[in-house]
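The values are calculated or read from the model by the stated rules, or taken from the named source; none is laboratory data. From a predicted model like this one, the values you see are computed outputs, not experimental measurements. For neighbour counting, all protein chains shown are included, and Cβ atoms are generated from backbone atoms with ideal geometry for every residue, glycine included. SASA here: full protein model, heavy atoms, side chains in, ligands and nucleic acids out. Shrake-Rupley method; radii C 1.70, N 1.55, O 1.52, S 1.80 Å.
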Amino acid sequence: MADGAPDRLRFGVFVAPFHPAGENPTLLLDDDAALVEHLDRLGYDEAWFGEHHSAGSEIIASPEIFIATAAARTRRIKLGTGVISVSYHNPLWVAERAVLLDHLTRGRFMLGLGPGSLPTDAAMIGLDQSQTRELLAQGVDVIMQLLRSDDPVNFQNERWTLRDARLHLRPYSNPLFDVSVAAVASPAGPQIAGKHGIGLLSIGATQAAGFDALALHWDVMEERAAKYGTTVDRDQWRLVGVMHIAETREQAYRDVEFGIEQWFHYFQAVAAFPQMAVGGGNVREMIDFVNESGLGSIGTAEDAVGQIDRLVKQSNGGFGCYMMLAHEWANPVATHRSFELISQHVMPEFQWQAWSTQAAKRRAEASRPELAAQHMKAVEDVTAKYQAEIGATPAGH
């Protein structure tokens, strides 16, 4: 693993989700829950779920409700809101629902907060995009006051009024569950995270535009933390990227012919989310864009390891969790197999598990000639001793 990175990199999945419009939503939502069950069995650390209300693809309207369902079907994996669009909600109710889920999951809940990514969502409730980031900053201020203190909160802006607001329940987690703010390209997310000493979800940082700003995200967090007297922790920095791997690159390329075009079309022509600018007019161009732009990795386990190594170096000090953006580039069987291969061959490289067994193998290889000779000598000695005993036994006995 790269120097300076945390000893054990966590792995997770960011489930927006991305489904083709027109398919049976009931089945698709069940597929999303089944994926999380699969990841739980494979030892993944985290799963985060988005909030969207339009555009036909990202069909989870309430990450909190989905987490309650997924929690009942899993045992160990932590579950987070990726993210609650704070500008759409009264922050008191956001905090209340978060604490409820912290109790219901016995501490497996994580709270992710963001401004809201789809302009078509905000437009339906009369929000302009120029308002959402300021509302996020104000909302996080209120939410963190409520979560960290029992003092009454009073606040008023053009959207919300809070009068002597307090949480009904205190958090289950001691002192608090993980809280993170989303960031794409602007410094708004790192500024908020640094101010409050909470985590950062760098959603666009693995693509070309965000890749160059990756280390800058952390610099902004540290500057804000110093100003407000808080502490930020690289272990609470999560990077979101895309991957699909198979046993060979050729197989991986064939796999993504299944659905990569509809995913690219969503960002190129449907979602008004220009920060996710993806290029490519056919499958091969799209594969090349993913691999060459820094967006992610389509190929083998070795390619995936190389991508994460590059991100560790670019972050200039490491991060705590690499999260794969869930997609339907491949069919469900190939998709589940990709996650299995990552669990088998990629995760150990960043969790000191590959190193320990490989080192044991190297030690055994180095000592084999000498130890094998000793073993053969021991067998020969025992055989000779037995033959001597047989030869010394009197006849008739």
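Given R₀ = 56 Å, FRET efficiency for residue 90-residue 284 by Cβ-Cβ distance, to 0.05?
Working: r = 48 Å, r/R0 = 0.85.
Efficiency computed from Cβ-Cβ geometry: 0.70.
Using R₀ = 56 Å, calculate the FRET efficiency as 1/(1 + (r/R₀)^6) where r is the Cβ-Cβ separation of residue 149 and residue 291; round to 0.05.
Values: r = 48 Å, r/R0 = 0.85.
So, using R0 = 56 Å, E works out to roughly 0.75.
Accessible area, 1.4 Å probe, largest first: how do 151, 288 sort? The partial results should precede the final answer.
Working: 151 105, 288 50 Å².
Result of the area sort, largest leading: 151, 288.
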Practice prompt. Return the long-range amide H neighbours of residue 326 (sequence gap of 5 or more, or a different chain), with a cut-off of under 5 Å between placed amide H atoms.
Written response: 14, 15, 16
Worksheet item: Tell me, what is the percent relative contact order of the stretch 33-91, built from C-alpha pairs under 8 Å that lie six or more residues apart?
Response: 41 percent
Worksheet item: Of 169, 118, 129, whose Cα points farthest to the positive end of the dipole of the stretch 114-196 (charges on the beta-carbon: +1 Lys, Arg; -1 Asp, Glu; origin at the Cα centre)?
Response: 169
Practice prompt. Pop out the ³J(HN,Hα) list for the stretch 77-92 in order, Karplus 6.51 cos²θ - 1.76 cosθ + 1.60 with θ = phi - 60°, rounded to Hz; leave Gly and Pro as x.
Written response: 4, 7, 10, x, 7, x, 9, 6, 7, 4, 5, 8, 10, 5, x, 4
Item to complete: With a ≥ b ≥ c taken as the square roots of the eigenvalues of the C-alpha gyration tensor of the stretch 253-311, please select rounded if a/c is under 1.5 and otherwise prolate if a/b is larger than b/c or oblate if it is not?
Response: oblate
Worksheet item: Relative to the longest principal Cα axis of the chain, at what angle does helix 283-293 sit, 0 to 90 degrees, rounded to 10?
Response: 90 degrees
Practice prompt. Enumerate the lysines that residue 385 could reach by cross-link, defined here as Cα to Cα under 27 Å, with residues fewer than 8 away along the same chain left out.
Written response: 377
Fill in: Under Karplus coefficients 6.51, -1.76 and 1.60, residue-wise ³J(HN,Hα) of the stretch 21-30 in Hz, glycine/proline x
4, x, 7, 5, x, 4, 5, 5, 5, 5
Worksheet entry | Contact order normalised by residue count of the chain, Cα under 8 Å, 6+ apart, percent | 18 percent
Item to complete: Could you point to the residue in 334, 243, 216 farthest towards the positive end of the chain's charge dipole, with +1 and -1 charges on the Cβ of Lys/Arg and Asp/Glu respectively?
Response: 216
Item to complete: Could you work out how far apart the two model spin labels at residue 103 and residue 358 are, taking each label as a point 7 Å from the Cα in the direction of the beta carbon, and quote it in nm?
Response: 4.8 nm
Discussion item. 5 Å is the cut-off here: which amide hydrogens, built 1.01 Å from N in the peptide plane, fall below it relative to residue 112, excluding neighbours closer than 5 in sequence?
Written reply: 81, 84, 180
Practice prompt. Summarise the accessible area of the chain (1.4 Å probe, protein heavy atoms) by the percent that is carbon and sulfur.
Written response: 53 percent
Discussion item. For the stretch 150-289, what does the accessible surface come to per residue with a 1.4 Å probe? Please give it in Å².
Written reply: 47 Å²
Practice prompt. Quick one: what are the phi-derived ³J(HN,Hα) couplings along the stretch 250-256, Karplus 6.51/-1.76/1.60 with θ = phi - 60°, whole Hz, x for glycine and proline?
Written response: 4, 5, 4, 5, 5, 4, 6
Worksheet item: Using only Cα atoms, what Kirkwood radius does the stretch 103-148 have, in angstroms?
Response: 12.4 Å
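Per residue, how many Å² of accessible area does the stretch 49-128 show with a 1.4 Å probe?
Averaged over the residues of the stretch 49-128, the accessible area is 35 Å².
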Item to complete: Could you provide, to the nearest whole Å², the per residue accessible area of the stretch 294-397 with probe 1.4 Å?
Response: 57 Å²
Item to complete: Would you work out the relative contact order for the stretch 229-359, in percent, from Cα pairs under 8 angstrom that are 6 or more residues apart?
Response: 39 percent
Discussion item. Could you give the length gained by full extension between residue 368 and residue 62, i.e. 0.36 nm per residue of separation minus their alpha carbon distance, to one decimal place?
Written reply: 104.3 nm
Discussion item. Could you identify which residue out of 112, 43, 12 has the top mean-square fluctuation in a GNM of the chain using Cα springs shorter than 10 Å?
Written reply: 43
Response to the item:
Among 252, 334, 21, the residue with the largest mean-square fluctuation in a Gaussian network model of the chain built from Cα contacts under 10 Å is 21
Response to the item:
So, with points 7 Å from each Cα along the Cβ direction, the residue 124-residue 377 label distance in nm works out to 8.0 nm
Discussion item. Helix-only mean residue ellipticity at 222 nm, the chain, DSSP H runs n ≥ 4 weighted -39,500 (n - 2.57), per residue, nearest 500. What is it?
Written reply: -15000 deg cm²/dmol
Worksheet, complete the sentence: Classified through the alpha carbon gyration tensor (a ≥ b ≥ c as square roots of its eigenvalues; rounded if a/c is under 1.5, else prolate when a/b is larger than b/c, else oblate), the stretch 24-63 comes out oblate
Worksheet entry | Among 344, 131, 387, residue whose mean-square fluctuation peaks in a GNM of the chain (springs only between Cα atoms under 10 Å) | 387
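Is the stretch 232-334 best put as rounded, prolate or oblate by its Cα gyration tensor, with a ≥ b ≥ c the root eigenvalues, rounded for a/c under 1.5, and otherwise prolate when a/b is larger than b/c, oblate when not? Working shown, then result.
On the way: a/c = 1.99, a/b = 1.35, b/c = 1.47.
It is oblate, given that a/c is not under 1.5 and a/b is not larger than b/c.
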Worksheet entry | FRET efficiency, 1/(1 + (r/R0)^6) with R0 22 Å, evaluated for residue 31 and residue 344 via beta carbons | 0.50
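Give the value in nm², to one decimal: projected area of the alpha carbon convex hull of the stretch 319-367, averaged over all directions. Spell out each step's value before the answer.
Details: hull surface 18.5 nm².
It is 4.6 nm².
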